[in-house]
Structures are given as C-alpha cells and as structure tokens.
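Student: Next up is a structure, given as structure tokens.
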Amino acid sequence: MSQSDNGVDVDGVGKSFGSVHALRDITFHVARGEVVALLGPNGAGKTTTVEILSTLTEPDRGRARVAGHDVVAEPAMVRRAIMLTGQHVALDEMLTGYENLVMFGRLQGLRKSAAQARAHELLGEFDLEHAAARRVGTYSGGMRRRVDIACGLVVRPEVVFLDEPTTGLDPRSRQAIWELVTKFKDAGIATLLTTQ
C-alpha cells in the first residue's frame with residue numbers, strides 16, 4: 001500500500017522537552033480503514049504523538065502527514081480532516097447533550113437545520129435519546145464519553161484519534177467504544193488509539 005493510501009504517515013518524528021526525550025525517531029503508518037493502537041505506560045509518549053498528529057504541538061524533527069496534509073505546513077487542513085477525543089471529555093456541562101451536538105455542528109459550518117438534524121441522528125446512534133434534553137453535567141462518565149465522541153462525528157472525519165478512550169468507563173460503555181471503533185474501520189476511517 002502506498003503512503004498516499006494512508007490516513008497517517010509518521011516518518012522519523014522526534015520530540016524533546018528539555019532533556020526529556022518524549023519521542024525518538026518514531027515511524028509508522030495507518031491506512032484508511034485500519035485501526036492501530038499505541039500501547040505503553042504513562043510517560044511513553046503516546047499522548048505526545050497524538051498531540052503532534054492533531055497539530056497541538058510541533059515535532060522537533062521528522063515529518064508527519066494526516067489525511068495527506070503535513071501537520072506543520074498545513075495545520076488547518078489537518079484539523080478539518082480529523083476527530084480528536086482526548087483523555088478528558090471536552091463538553092459544555094451547562095448545555096444538554098442535544099445542545100452540545102448542535103453547537104459542534106454550527107462550529108463546523110453546518111446550517112442550523114442541518115446541525116439539528118445531525119444531532120438527532122447521533123443521539124440515536126449513541127443511545128442517548130433518553131438523555132438528549134438533560135444537562136451534560138448530570139450524565140454518567142460513559143454517557144459523557146459517548147456524547148464527546150458523537151460531537152467529533154458531526155462531520156465525518158477522515159482520521160480519528162482516540163487518546164485513552166475507555167479510561168474510567170464501565171464494561172458496557174467500553175464495549176460501546178470498541179463497537180464504534182469497528183464502525184470506523186468499516187467506514188474506511190483511519191483510527192489511531194492509545195491505551196495502557
């Protein structure tokens with residue numbers, strides 16, 4: 001498979017923080033429709049890798065491309081092509097699940113009616129219809145994680161980054177996340193996840 005078929009290409013990437021070498025010349029590729037997991041203990045550089053690939057930090061050396069775009073030279077193009085779910089859920093807890101989804105849709109450029117329709121679709125797909133009108137601050141950890149991931153899917157990404165997606169979740173919610181990863185694979189989305 002040529003690199004042009006890949007969702008993620010990492011070639012010789014390194015990153016240091018002072019005298020601490022977080023990444024030392026790592027190279028890997030994630031094809032479209034492929035799921036790759038970065039495994040390792042805390043401090044192994046998994047989150048640093050995701051931060052570089054999602055343009056939150058720049059590598060010191062090497063080259064990384066996401067959805068065909070260089071993470072340093074074309075960060076805006078990379079951001080348009082990805083979904084990133086970090087270790088901590090990034091939702092407005094004062095808004096309902098439905099309102100969070102509509103807000104994310106509007107921020108991604110959807111018209112109001114399209115954002116509302118997509119919010120209803122995602123609430124159904126993520127089994128959150130019963131809680132759509134409740135403030136996210138009242139959700140369980142698993143429900144928050146599901147709506148967080150749903151927000152990242154308002155517009156279909158080419159590449160998905162899941163940083164420790166099952167941390168703190170109950171077994172049922174963990175299973176729902178793994179089923180979602182299977183859906184990403186089936187849809188041809190390149191998926192990179194980190195876990196311990």
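Student: If you project the alpha carbons of the range 87-174 onto their three principal axes, what span does each projection cover, largest first, in Å?
Tutor: Largest first, the range 87-174 extends 36, 30, 20 Å along its Cα principal axes.
Student: Between Phe17 and Gln116, how high is the FRET efficiency from 1/(1 + (r/R0)^6) when r is the Cβ-Cβ distance and R₀ = 41 Å? Nearest 0.05.
Tutor: Taking R0 as 41 Å, the efficiency between Phe17 and Gln116 is 0.45.
Student: Relative to the Cα centre, what is the charge dipole magnitude of the chain, using +1 at the beta carbon of each Lys and Arg, -1 at the beta carbon of each Asp and Glu, and rounding to the nearest 20 debye?
Tutor: Computed about the Cα centre, the dipole is about 320 debye.
Student: If I take every Cα pair under 8 Å that is 6 or more residues apart in the range 23-100, average their sequence separation and divide by the length, what percent do I get for the relative contact order?
Tutor: 18
Student: Let me ask something additional. Please list, or write none, the aspartates and glutamates whose alpha carbon is within less than 16 Å of the alpha carbon of Lys185, excluding same-chain residues fewer than 8 places away.
Tutor: Asp5, Glu34, Glu158
Student: Using the Kirkwood radius built from alpha carbon pairs, what does the Stokes-Einstein equation give as D for the range 1-66 at 25 °C and 0.890 mPa s, in µm² per second?
Tutor: In µm²/s, the coefficient rounds to 200.
Student: Shifting gears a bit: I'd like the orientation of helix 97-107 relative to the chain: the angle between its Cα long axis and the longest Cα principal axis, in ° from 0 to 90, rounded to 10.
Tutor: 50
Student: Something else now. In the range 133-163, which residues have a backbone nitrogen under 20 Å from the label point lying 7 Å from Gln196's Cα in the Cα-to-Cβ direction?
Tutor: 141-142, 145, 162-163
Readers should treat all values here as calculations from the given coordinates under stated rules, not as data from a laboratory. Keep in mind the model is a prediction, meaning the values are calculated, not measured. Don't worry about glycine lacking a Cβ; one is built from the backbone with ideal geometry, like all the others, and counts go over all protein chains shown.
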